[in-house]
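Here's the structure, in structure tokens; my notes come after.
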Amino acid sequence: MVINLVKQFISKVWKNIFRKKKHLKLGLYGPPNGGKTTLANRICKDWIGEEMGSVSPIAHETREIQIKEQITIKSKGKELLFNLVDTPGIATKIDYEEFMKAGMKEKDAKARAKEATKGVIDAIKWLDEMDAVVVVLDATLDPYSQVNITIIGNLQARKIPVLIVANKIDLKKAKIKKIQSAFPQYDVIGISAKYGTSVDQFYEGLFALVS
């Protein structure tokens, strides 16, 4: 009973905060190639008819903070207005040689590594600006990684509301339950940002996140 009362109090506090916010900032965070920009593009195409950024099989395609303002989504008669912030993939180590293995020339690989490193620093700084965060994880990979734990730890320390997206459920190796077990303190929604699978459930999850 005490736990329920605490939850109700916290819920009321967050409702008041979000009511006062004119420009709610919703951040997309996660490791490289989890599908953040693919999800950002899906959201933007669904609600404003345009994409947010380019995607690539090579890690760290997004190396700068990208923002789309005044996005309004609707679900079950409700509306949610926010500024969407797509952030560079968080990594504990960025090695230009990995880009060379993917076919890039040394000069380009080094430039990409430098930009990606700055992008990680900027993404972490921007955490202090976020009102809520969607953590986008590749559901085919082990969620118990140093990067994922670091991201979640930073969010917990800042007491930022979090929704976890288990992306790429269209792939056979996807294991949503493993992500749920790794981070039981948060809601986990399985989607395919690429094909739009379960995005309606994701939008409902956004409303639950800020209500």
Loop only by DSSP, 15 or fewer other Cβ within 10 Å of the Cβ. Give me the trypsin sites (Lys or Arg not before Pro) in the stretch 72-144 that pass, ordered by residue number. Lys76, Lys93, Lys105
Treat every Asp and Glu Cβ in the stretch 23-210 as -1 and every Lys and Arg Cβ as +1, leave all other atoms uncharged, and give the resulting dipole magnitude about the Cα centre to the nearest 20 debye. 400 debye
Determine, for Thr72, Thr140, the number of other Cβ atoms within 10 Å of each Cβ, and report the residues in order from fewest to most. Thr72, Thr140
Estimated FRET transfer efficiency (Lys107, Thr72; beta-carbon r; R0 41 Å; 0.05): 0.45
I'm a student and want to see the number: the projected area of the Cα convex hull of the stretch 23-210, averaged over all directions, in nm². 10.2 nm²
Label the stretch 156-211 by shape, choosing from rounded, prolate and oblate, from the square roots a ≥ b ≥ c of the eigenvalues of the Cα gyration tensor; if a/c is under 1.5 it is rounded, and otherwise prolate applies when a/b is larger than b/c, oblate when it is not. oblate
In the stretch 141-210, which trypsin sites (Lys or Arg not before Pro) fall in coil by DSSP and have 14 or fewer other Cβ atoms within 10 Å? Lys159, Lys172, Lys173
Positive minus negative residues near Lys45 (Lys, Arg vs Asp, Glu; Cβ under 14 Å): -1
Using only the alpha-carbon atoms, what does the stretch 116-158 span along each of its principal axes? Please give whole angstrom values in decreasing order. 29, 23, 15
Subtract the Cα-Cα distance of Gln180 and Glu50 from 0.36 nm times their separation in residues, and report this length gain in nm to one decimal. 43.6 nm
DSSP-loop chymotrypsin sites (Phe, Trp or Tyr not before Pro) across the stretch 105-211, with at most 14 other Cβ within 10 angstrom: Tyr144, Tyr195
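No value in this document is a laboratory result; all are computed from the given coordinates. What you see is a predicted model; the values in this text were computed from it and never measured. With ideal geometry, Cβ positions are generated from the backbone for all residues, glycine too; neighbour counts draw on all protein chains shown.
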